[in-house]
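This report refers to the structure that appears directly beneath it.
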Amino acid sequence: MKISFLSDGVSIPSIDSIKIKEWIGAVAESYGRNVGEIAYIFCDDAKILEVNRQFLQHDYYTDIITFDDSLGHTIRGDIFISLDTVASNAEQQHTAYQEELHRVIIHGILHLCGINDKGPGERAIMEAAENKALSILKDL
C-alpha cells in the first residue's frame with residue numbers, strides 16, 4: 001500500500017496521514033479490494049478546472065476528480081481534490097471543513113472500489129457508502 005499526499009499550488013491540508021492510510025485500507029478491504037499506489041493531489045479551483053478541461057473535456061469546477069488505474073482487486077489511481085471547493089462545500093452544507101475533506105478523500109476511494117454517483121439512484125448509494133466509511137474513521 002503506497003498512498004502519497006501531494007500538492008499543486010496549495011499547502012497540504014492538516015490531516016493525520018497515518019490514520020487516513022489505515023482508514024483507506026479498511027474501507028477498501030470492506031469492498032474486497034487491496035490498496036496499491038494512490039496519489040492524492042491537493043490543489044485549488046484553477047488547477048481542478050484545468051484538469052477537468054484537459055482530461056475530461058468538462059468546463060466546470062468540482063471538488064474531486066478520480067483517475068482510476070486499478071488492476072483486478074487492487075485499487076490504484078490519482079485523485080485530485082480542490083481545497084477551494086471543499087471549503088465552499090463545507091460552508092454551503094454547514095459542515096466542518098475537516099469532515100467535508102474526509103468525505104471527499106474517501107469519495108475517491110469509493111470510486112476506485114466501483115461505486116458511481118452519476119446515474120439514476122447512484123448518488124444515494126454513494127452518500128450511504130460515504131457515511132459508512134466516515135463511521136469506520138470514527139472507530140479507528
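Every number here is computed from the coordinates shown, using simple stated rules; none is lab data. Predicted model only: the values in this text are computed from it and were never measured. Ideal geometry is used to build each Cβ from the backbone, glycine not excepted, and the neighbour counts take in all protein chains shown.
Inside the range 1-37, residues that are within 14 Å of the chain's Cα centre (by Cα) and touching a residue at least 60 places away in the same chain (Cβ under 8 Å) make up a count of 7. Of the residues examined, Phe67 is not one that is among the aromatic types (Phe, Trp, Tyr), crowded, with 18+ Cβ neighbours inside 10 Å and in a strand (DSSP E or B). What are the residues in the range 111-140 that are assigned to a helix (DSSP H, G or I), out of contact with any Ser or Thr (no Cβ under 9 Å at 6 or more places or on another chain) and aliphatic (A, V, I, L, M), if any? Matches in the range 111-140: Ala124, Ile125, Met126, Ala128, Ala129, Leu134, Leu137.
Which of the residues spanning the range 95-124 are polar (S, T, N, Q) and within 18 Å of Val27 (Cβ to Cβ)? Listed by number, the residues that qualify are Gln98, Asn116.
If only residues of the range 98-140 that are free of Cβ contacts under 8 Å to residues at least 12 places away in the same chain and among the acidic types (Asp, Glu) are counted, the one that is surrounded by the fewest Cβ atoms within 10 Å (Cβ to Cβ) is Asp139. Tell me, yes or no, whether the range 45-54 has at least one residue that is part of a strand (DSSP E or B), touching a Gly at 6+ places or on another chain (Cβ under 7 Å) and surrounded by 13 or more Cβ atoms within 10 Å (Cβ to Cβ). For the range 45-54, residues part of a strand (DSSP E or B), touching a Gly at 6+ places or on another chain (Cβ under 7 Å) and surrounded by 13 or more Cβ atoms within 10 Å (Cβ to Cβ): absent.
List the pairs whose first member sits in the range 38-64 and is over 13 Å from Val86 (Cβ atoms), whose second member is in a loop (DSSP other than H, G, I, E, B) and aromatic (Phe, Trp, Tyr), and whose Cβ atoms are under 8 Å apart, counting only residues at least 6 apart or on separate chains? Qualifying pairs under 8 Å: Leu49/Tyr60; Leu49/Tyr61; Asn52/Tyr60; Asn52/Tyr61.
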